[in-house]
Each structure stands twice: as C-alpha cells, then as structure tokens.
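The values are calculated or read from the model by the stated rules, or taken from the named source; none is laboratory data. These numbers were taken from a predicted model, which means no experiment stands behind them. Glycine also receives a Cβ, built like all others from the backbone with ideal geometry; neighbour counts cover every protein chain displayed.
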C-alpha cells in the first residue's frame, strides 16, 4: 500500500498569561522545577488543577522517554540492547514524581477515566485555568477554539523547551519529543485521496501553518481563528477546515480522521525524513535543531521480520502480560493505592516471571540477524 | 389460524410438501427474514471458528493459513493469567446470574399490588427509561458520578468522610457492575412479569380472598406460581451468561487498577487477540468459552426438565 504521510509533534506548552500573573519568570527546565512551578500555580488557583495526565498506557509508552527510560520493551540506544523500561530506576523516579503530583492535586484526580483527557480539553482556558499541557501540536485546535468558547482575551499558550532528567538510562536526551510522534497517512488507492491531498497542501502552506496556530515566528500559540495572525479559512471553503466543523474535545487528527477516513498512523517515524521537516519550516525549526543535535529521537521499531511465528507469539504473550502488570502497578502507585518502594521488588520479580528477559534476548538476536 | 390448525392436525401430512408450503406461504415469508438473519449473521460466520485451529495469517486468509490443531488451546491452558481470568469470569458471571430475574419479579409483584394505575404507570415508565440508554451512557454516568470529583464523593466529603476512588478500587468493581445493571434493566425486566400477572384471572384472587388469604398470601399462592415458569425459562437462558459477562460493560468500567477482579476472558481476548494481532489465539479462547456456555445451558435445561418437565425448553 502506498501511503502519503503528514506528521505531528508532541510538545509541552504552558499558559504564559497565567505564568505572568503568578509571577513565574523562569520557565521550568527540569521536572523538579516544573513541580515547584505547579505548586505556585496551585496556590494561585487552589480549586483547579495545573495539568492533566494521560492514561497510564500513554505514560508508559510516551512519557517514559521524558524521564530517560522507555516503554515495556524498547531499544536502548546507549547499549544497543533491547530493554524493559518499567523496571528501570528512572521509571521508579517517574512514578514517584507523578504520585507526588497526584497527591498534591496538581493533576486531575480522575485521569484514569477513559474520557478524562477529553473532559479536560473541553475545559481548556474556559472553565479551569489548566496551565501545563502535554499534548501533540495538533492540540492547538483546542487552544484556538477555546477563545471561541469563552477563554479570556489574554489567553496564551507558549511551547516549553524540553525538560531534562538526570542520566537517562534510555540513551536519549530526556525530552518530551520523540520528534514525530504520530501522523496521518492516506492510501493512494483511497477514493478520498484528492480530499486528503487538498488538506495536506493547505496545511503545508503558510496560511495553513498560521491557521493551525503554531505561530509564525516564535512558535507561541498566540493566534486564534479570530486573530490577525491566524488567517481563518473562508466559511465553508474548504469545508473540513471550517472551525465549526472541528470538535474541540477530540484531537485534531481525529477530526480529520472522522471527516475523511484517513488512516491514522502511530508511530509514523518510518516515513520521517528531512523533507517533512523542510516543508514545514516554522513548525519544525525547533525539531530540526533537536534532530541535528541528536539523531536518535525517533521511536524504536520491533525487528518483527526476523522473528519466527512461534517467537512472535511468545513475544506477544509475554508482552501483553508484562505490559498489563506494569499498567496495574504504575496506576496504583500514582493514585496512592500502592507504595512504589514497598511494591517495587515484587513488581520487578513479577515482570521477570512472565519471561521479560527471554523476550529481550529474543529481540536482541532478531536485531543482530537483521543487521547482518 | 386455519392453516396452522391444519398443519398441527397432521391430516395434511399425506399432501405433498410443496402444497403444504404453498398453503402456509405467508407464514414462510414471515419466517424468511429471521431465517436469513440467523444464516448470514450467526451461521456463516461460524466458519471463522476454524481460525482457532490455524495459525491465521491475514494475507493468506482463513483457507490458506496453516492448520495447527489444538496448539492455541494448549497455549491458553499454559497461560499464567488463565486461572485469574477464569476466576474473574466465573465470579462476575455467577454474581450477575444471582442478581438476574428475581429483582424483576419483586418489582413486578410490588407494582402489581399498586391500585393507583396512574402512579403505577408513572413509576414503570421512569424505571424503564435507563433500559433505552446506551450502555456507554449508563457506564459514563456511573463513572462520572463515582469519580473523585463526582457527586457521590462530594456528598461523602460533606458528611465528613474521606473521598473514595470507586472505579479504581477492586473491592467496589462488582458492586458497581451489578448496581448499574440493575438500574438499567430491572424496570424493563419487570414488564414481562407484569404482563404475566395481568393475565392472571381475577377470580383466583377473589377465591383466595374468600378463603381468607391476605395480600401476602395472595401474592405467594396466586401471583408467584404464575411467574415461576417464566423465571425458570430466564434462568436457563441466562445460564450461558455466567461465562460471558458483558464485555462492553467491563471494558467501559474497568481500569488497570481493577484488573485483578475485572479482567475476564473476553477483555483478555480483546487486548491480546485484537490489539496484539493474535487472532487465532483470541478465537481459541472465544471458542472454548462458547463450548462451556453451551454445556452449561444444556445441563441446566436438563436439570430443570427433571424437576418439572413443563419448565424446560
């Protein structure tokens, strides 16, 4: 199947207007600083939550990179070996940080509900002063529509530089950004491919960039569908870009998927190349810098083609059980129904009991086979 | 009616089949749609069961995939999660089963005792509304009401107690599962029993009154015996659900924190079979589950028939 791809990014952003009001001059650079800033925001707005966490599955799969570790199985680029992220020390630190935030009510208390993120997005800028966002760049659609939904006129989101964490075991620079986290693709055989191309062309254009509110110069989310910078599309032209058409409660990519039936790709880094970056200069300037600094921000790819059917089945069985075990333990620790230190040894031993070492060895062998 | 009677009497058995079909043509036409429905949506897809005995490869298709016999069944029995999954499936199934049927009867009996027709209809209508709500909405309401910032926890806090994260606590899962089910379906379930009770001859109640029976005795000796056959039938039909608790509902209500009590065979099939792409493995667990359910239904029917031959199917 031939696919045409359009990428998206994961970023941390913060509400500049609320930071200014709370007198926060220094933008956090580390997780400790972020925690302190969130405490200041909590004091300023005691009835609200400064941020919202995603589901635990997303914490394991994507947040783990920010804390210098990785998902249930990932390729450690320092050692070149396959590794199990949740049993690494940095995962323990990550859970402690998240649990502390939960305990201090710095995040929504019901984040484990399937629709919790959606509900938080609906409140963005309107009902609650949510200050820190861990979302992909298309979440700007929520930000722009927030003004329409009644956000204050000085409502303003800015992107934050990636946070650092001491000694990332995962071998990546510790940052919220495996560069291109996901994207859309359309089959060249699709009946809707013309509509897809039209949309992609628009989004790659200067006007499209501005409309999507990445901000023309400083990558700040200062534009909206009503502002001068963000040139809104004329009503009904093209129809799928009408702001009225957008459902602000779901990610922009889902909006596009619903309207056009595009295939959503995750992860999409196999289509990642510098052409993508160059075609979207304003948006990807920061990403390009990251890419130049370190080429290894992309997601790992399983060496599936070098595994036999039996090996793949074994991998899947162990992975499902180990991943479930990690989700259960992490979630319980974050919401406070289990203690990280007390339960850690048993958790690690449970993970190993399922055969995690066996599949890591299997993946290492498969990777070497592929390399040859 | 004449046609049905003739078919029953057997006097037409000597007639040719085609003539008999022609005479009952309207009945056969009526039968055609449900017949097609079952063939297309229930019988033809049964072919997919063969996936459980193959190493299914989407590129090769079901026919082209390699036959591996009981490999996936053996793998399932050796799965370390299997005892826990089976225990959870049975626990949720049995508790749901224990709460199926009799709450409907109690509600129907209570409503039947109401003399004020307007009040009875109003109550019945209100109790029926949740049945017409989608399961997603019912579970959404429950999860939001019970969330840490939900209405229930606000009330708990006002009463001076600690908030409880109900949906993340394993000990609360079955309670939430059962109560949402009762809230959604008891009103509708009572309708069937109310219909039966409304068909009971008033003379029976009058006779009981003459004999000196009070309200409770009339309920016990007249009303209940009339609803028992339907209750027995519902028990037989529901017995299969012991091994198949509502997949959708569990998926909507559970979180990783409650996996230890809420993760059942069907949700495991979903995560491993569909999300993990192990279609054959998922089919094998599903097939095994269905066979056990069938055995349960047949054995219950057998036992019920031994107790009273009019109650079975």
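Key figures for this structure:
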quantity	calculated
In the range B:146-171, the residues that are in a helix (DSSP H, G or I) and within 11 Å of chain A (Cβ to nearest Cβ)	B:146, B:153, B:166, B:167, B:168, B:170, B:171
Qualifying residue in the range B:235-256 (condition: surrounded by 15 or more Cβ atoms within 10 Å (Cβ to Cβ) and farther than 29 Å from residue B:136 by Cβ)	yes
Some residue of the range B:228-244 being assigned to a helix (DSSP H, G or I) and within 14 Å of chain A (Cβ to nearest Cβ)	no
Check on residue A:77, more than 30 Å from residue A:315 (Cα to Cα) and either outside the structural domain of residue A:330 (by TED's automatic domain parsing) or without any contact (Cβ under 8 Å) to a residue 60 or more places away in the chain (or both)	no
Selection count, the range A:347-371, where residues are within 26 Å of residue B:168 (Cβ to Cβ) and more than 14 Å from every other protein chain (Cβ to nearest Cβ)	1
Residue in the range B:74-81 that is under 28 Å from the mean Cα position of the chain (by Cα) and part of a helix (DSSP H, G or I) present	yes
Residue among A:320, A:309 that alone is touching a strand residue (DSSP E or B) at 6+ places or on another chain (Cβ under 8 Å), within 30 Å of residue B:57 (Cα to Cα) and either within 9 Å of chain B (Cβ to nearest Cβ) or modelled with pLDDT of 95 or more (or both)	A:309
Filtered residues of the range A:128-158 (kept if under 19 Å from residue A:53 (Cβ atoms) and modelled with pLDDT of 70 or more)	A:128, A:129, A:130, A:131, A:132, A:133, A:134, A:135, A:157
Qualifying residue in the range B:262-285 (condition: more than 30 Å from residue A:312 (Cβ to Cβ) and surrounded by 14 or more Cβ atoms within 10 Å (Cβ to Cβ))	no
Selection from the range A:34-47 of residues that are closer than 17 Å to residue A:94 by Cα and touching a residue at least 60 places away in the same chain (Cβ under 8 Å)	A:34, A:35, A:38
Selection within the range B:277-313 - modelled with pLDDT under 80, within 19 Å of the chain's Cα centre (by Cα) and in a helix (DSSP H, G or I)	B:304
Verdict on residue A:328 being more than 9 Å from every other protein chain (Cβ to nearest Cβ) and part of a helix (DSSP H, G or I)	no
Of the criteria (1) closer than 30 Å to residue A:334 by Cβ; (2) assigned to a helix (DSSP H, G or I), which one residue B:121 fails	(1)
Test: residue B:175 is free of Cβ contacts under 8 Å to residues at least 12 places away in the same chain, assigned by TED's automatic domain parsing to the domain that holds residue B:131 and under 30 Å from residue A:109 (Cα atoms)	yes
Test: residue in the range A:85-93 that is under 25 Å from residue A:303 (Cα atoms), more than 14 Å from every other protein chain (Cβ to nearest Cβ), in contact with a strand residue (DSSP E or B) (Cβ under 9 Å, 6 or more places away or on another chain) and surrounded by fewer than 21 Cβ atoms within 10 Å (Cβ to Cβ)	no
Selection status of residue B:160, under 16 Å from the mean Cα position of the chain (by Cα) and in the same structural domain as residue B:93 (by TED's automatic domain parsing)	no
Hits in the range A:96-131 (condition: part of a strand (DSSP E or B) and away from chain B (no Cβ under 14 Å))	A:124
Residues (within 13 Å of chain B (Cβ to nearest Cβ) and buried (at least 17 other Cβ atoms within 10 Å of the Cβ)) located in the range A:331-346	A:331, A:332, A:333, A:334, A:335, A:338
Yes/no for residue B:60 being modelled with pLDDT under 90 and farther than 30 Å from residue B:197 by Cα	yes
Residue list for the range B:130-143, restricted to those being facing another protein chain (nearest Cβ under 8 Å) and surrounded by 18 or more Cβ atoms within 10 Å (Cβ to Cβ)	B:143
Selection status of residue B:215, more than 14 Å from residue B:104 (Cβ to Cβ) and within 14 Å of chain A (Cβ to nearest Cβ)	no
Residues of the range B:36-49 classified as modelled with pLDDT of 90 or more and either assigned by TED's automatic domain parsing to the domain that holds residue B:286 or in contact with a helix residue (DSSP H, G or I) (Cβ under 8 Å, 6 or more places away or on another chain) (or both), total	0
Boolean, residue B:292 is more than 14 Å from chain A (Cβ to nearest Cβ) and touching a helix residue (DSSP H, G or I) at 6+ places or on another chain (Cβ under 8 Å)	yes
Unique residue being more than 23 Å from the chain's Cα centre (by Cα) and touching a residue at least 12 places away in the same chain (Cβ under 8 Å) when the list is B:229, B:245, B:202, B:148	B:148
Among (1) more than 21 Å from residue B:89 (Cα to Cα); (2) away from every other protein chain (no Cβ under 14 Å); (3) buried (at least 19 other Cβ atoms within 10 Å of the Cβ); (4) at pLDDT 90 or above, the one test that residue B:180 misses	(1)
Search result, residues across the range B:253-276 that are farther than 20 Å from residue A:116 by Cβ, part of a loop (DSSP other than H, G, I, E, B), within 10 Å of chain A (Cβ to nearest Cβ) and modelled with pLDDT of 90 or more	B:263
Criterion violated by residue A:93 - all others in (1) at pLDDT 85 or above; (2) closer than 21 Å to residue A:347 by Cβ; (3) not in a helix (DSSP H, G or I) satisfied	(3)
